[in-house]
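Have a look at the structure below, then the notes.
The values are calculated or read from the model by the stated rules, or taken from the named source; none is laboratory data. Fair warning: this is a prediction, and the values are worked out from it, not measured in the lab. Cβ placement follows ideal geometry from the backbone for every residue including glycine, while neighbour counts extend to all protein chains displayed. Calculation scope for accessible area: heavy atoms of the full protein, side chains included, ligands and nucleic acids excluded. Shrake-Rupley method; radii C 1.70, N 1.55, O 1.52, S 1.80 Å.
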Amino acid sequence: DSFFFRLKFIFGPSAVPALDLVDQRSVTRVTSPSGRTVYQVLGSSGKLYTCYSSCHFCTCPAFGFTVLQKSESLLCKHILAVYLSRATGACQELKVSEEQLTSILLAEEEDEG
């Protein structure tokens, strides 16, 4: 319980939804042979978001709005879910080719454009 309250105190409203994503095993670490790594998080809406823990970035609209535009939060629930799933060992693993990783990254770019 104290861990939960500390998480909620630090991360605010993102804590509970992030824990739900971890419980649902919605976080997948995607790695390529070259060692490149991204995380995909299946959001509560059913949409797949790509997170880059190395630069602390998520492709979800909430990250763009509350983190980047308004500076109201440090992170979105997806990034927090990535960090929590890594810490708890609840992250799923997916190994892909370089071409597959490129396709994943380009698909995100097309969704944004």
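Table for the structure above
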quantity	calculated
Tally of residues being under 19 Å from Gly12 (Cβ atoms) and of a type in the set (A, V, I, L, M, F, W, C) across region 39-56	2
Failed condition for Thr59, given (1) polar (S, T, N, Q); (2) farther than 25 Å from Phe5 by Cβ; (3) surrounded by fewer than 18 Cβ atoms within 10 Å (Cβ to Cβ)	(3)
Answer from Thr50, Thr37 - the residue that is among the β-branched types (Val, Ile, Thr) and open to solvent by 20 Å² or more (accessible area, probe 1.4 Å)	Thr37
Selection count where residues are under 19 Å from Val67 (Cα atoms) and free of Cβ contacts under 8 Å to residues at least 40 places away in the same chain, scope region 14-43	2
Positions within region 1-21 being closer than 13 Å to Thr88 by Cβ and open to solvent by less than 20 Å² (accessible area, probe 1.4 Å), in sequence order	Leu7, Ala18, Leu21
Among residues of region 72-81, those that are open to solvent by 90 Å² or more (accessible area, probe 1.4 Å) and out of contact with any His (no Cβ under 9 Å at 6 or more places or on another chain), counted	1
Residue ID - surrounded by the fewest Cβ atoms within 10 Å (Cβ to Cβ), chosen from residues in region 82-113 that are in contact with a Lys or Arg (Cβ under 7 Å, 6 or more places away or on another chain) and part of a loop (DSSP other than H, G, I, E, B)	Ala90
Selection count, region 1-33, where residues are modelled with pLDDT under 95 and within 27 Å of Glu99 (Cα to Cα)	0
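Quick grid of which residues meet (1) hydrophobic (A, V, I, L, M, F, W, C); (2) in contact (Cβ under 8 Å) with a residue 40 or more places away in the chain; (3) touching a Ser or Thr at 6+ places or on another chain (Cβ under 7 Å):
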| position | (1), (2), (3) |
| --- | --- |
| Ala62 | yes, no, no |
| Ser71 | no, no, no |
| Leu75 | yes, yes, yes |
| Ser85 | no, yes, no |
| Thr88 | no, yes, no |
